[in-house]
Every structure is written in structure tokens, then in C-alpha cells.
Amino acid sequence: MSELTQLKDSVLAQANEKGQLKLERAQHEHAKEYQTKRDQLIHDKEALRRHKISELKDSYMRRMQQISNQQRLTSLNSKQQVLTVLFDGAVEVMNNWSSEEQLDFVRKILKKFEERELVLTFGELTKKLITETAIHQLKSEFPKVSINDETIAKEGGFILTEDRIDFNYLYTKLVEATRNEINLEIAKEAFGPD
């Protein structure tokens, strides 16, 4: 019986050893699978966290750009309102120049065209301020300039004409040209060179 017992114990020991090896292998495989899934879960959570942070940053940057654009537009609108008041006032000031100031301006411009034959047409508002004596004086100072008896209705300043080419010195047009240049500069400042 002892052989039988030995055989039995040997078979049982082998079975126990094989079972223990299988158990260890299964535990090792399970631990490896657990660690792989755990690492993947950590990786996925980190990727999700980075994605959320990126979305928040993008949203923040878009909002900051919107605020910056709004500030630029507000600044531009304020500047344009101030300029409108300023330019409207400039036209009014020019229209209200004294007779002598009106004549000084006309002389200054006519000197630039001194040797050219021109027709001078006054704006109605300017013509009302200039006396006939002053007009005769202009004719003697600038003999090549003929002065039109007609005026440009509701305007201050004048137009010089040379062979169908008009040189416009109406105050509204002079101020409008300056306004357009300044508005362009303000737009460049507000929106950058892009």
C-alpha cells in the first residue's frame, strides 16, 4: 500500500504543482491585463483632460478676440463721432471767415496757378462776404483769372476751372477729403495692417 500511497501522493503533488503553475499564470495574466486596462484608462482620461483644456483655451481666446474687436469698434466709433463734430465745425468756421480771410485763402490758391488762365466760380456763402471792390482787386492781381457771375448754391469756397478741369476748393469738399484720409488712418490703427 505504500506504493499506492506514494503513487497517489506523487500524482496529487504533480496535479497540485500544475494547478499552482496554472493559478500563478492566470494571476500573472490577470494582473498584466489589469495594468494594461488601467494604463489605457489613465491615458484616455489624460487625453480627455487635455482636450477639455484645449477647448477652454480656444473658447477663452475667441472671447478675448471678440472683446478686443469690440473695443476697437467702440474706439473707432467714438473717434468718428468726434471727427464728425470737428469736421462739421470746420466747414462752419470756414464759411464764417471774414471777408479778408476769404480773400486771403483765394489769393493763396490763385498764386499756385499764377500763369494759367482760369475761371473762378465762388460758392454762394463766400460770394456774399466779398465786396465788389475786393473782386475788382482780385481781377487786377490775377489778370488771367476771370470771375464767373454765377455762384454755387449753398456752398462756401470756390471752384477754379481750366479747360473743363475743375479744381474744387469748396469748403465741404476740402473737409470731406481730409475726413476720408483721417478715417483711413483710424481704420488702419483700429484694425491693424491686415
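The values are calculated or read from the model by the stated rules, or taken from the named source; none is laboratory data. As the structure is a computational prediction, the values presented were derived from the model and not from experiment. Positions of Cβ are generated from backbone atoms using ideal geometry, with glycine treated the same way; all protein chains shown enter the neighbour counts. Side chains are part of the model used for accessible areas, which takes the heavy atoms of the whole protein and leaves out ligands, DNA and RNA. Shrake-Rupley method; radii C 1.70, N 1.55, O 1.52, S 1.80 Å.
Of all residues assigned to the stretch 25-35, at least one qualifies as being part of a helix (DSSP H, G or I), within 60 Å of the chain's Cα centre (by Cα), surrounded by 10 or more Cβ atoms within 10 Å (Cβ to Cβ) and not charged (D, E, K, R). Comparison of Leu76, Leu56 shows that the only residue that is surrounded by 12 or more Cβ atoms within 10 Å (Cβ to Cβ) and either of a type in the set (A, V, I, L, M) or in contact with a Pro (Cβ under 9 Å, 6 or more places away or on another chain) (or both) is Leu76.
Among the residues making up the stretch 144-194, those that are hydroxyl-bearing (Ser, Thr, Tyr) and outside any loop (DSSP other than H, G, I, E, B) are Ser146, Thr161, Tyr169, Tyr171, Thr172, Thr178. Residues that are in a loop (DSSP other than H, G, I, E, B), of a type in the set (Phe, Trp, Tyr) and over 16 Å from Leu174 (Cα atoms): does the stretch 96-109 have at least one? Checked against the condition, which is being in a loop (DSSP other than H, G, I, E, B), of a type in the set (Phe, Trp, Tyr) and over 16 Å from Leu174 (Cα atoms), the stretch 96-109 yields no hits at all. Scanning the stretch 84-100 for residues that are open to solvent by 40 Å² or more (accessible area, probe 1.4 Å) and of a type in the set (Phe, Trp, Tyr) yields one hit, Trp97. Consider Val175 carefully, then state whether it is in contact with a helix residue (DSSP H, G or I) (Cβ under 7 Å, 6 or more places away or on another chain) and surrounded by 12 or more Cβ atoms within 10 Å (Cβ to Cβ). Yes: the conditions hold for Val175.
Every condition in (1) open to solvent by less than 30 Å² (accessible area, probe 1.4 Å); (2) at negative phi; (3) at pLDDT 90 or above; (4) not aliphatic (A, V, I, L, M) holds for Lys144 except the one numbered (1).
The set of residues in the stretch 108-137 being touching a helix residue (DSSP H, G or I) at 6+ places or on another chain (Cβ under 7 Å) and either surrounded by 13 or more Cβ atoms within 10 Å (Cβ to Cβ) or of a type outside the set (Val, Ile, Thr) (or both) consists of Leu125, Thr126, Leu129, Ile130, Ala134. In the stretch 101-141, the residue that is modelled with the lowest pLDDT out of those that are farther than 19 Å from Phe167 by Cβ and of a type in the set (D, E, K, R) is Glu132.
Only one of these is at pLDDT below 85, open to solvent by less than 100 Å² (accessible area, probe 1.4 Å) and part of a helix (DSSP H, G or I): Ala15, Ala47. Name it. Being at pLDDT below 85, open to solvent by less than 100 Å² (accessible area, probe 1.4 Å) and part of a helix (DSSP H, G or I) holds for just one of Ala15, Ala47, which is Ala15.
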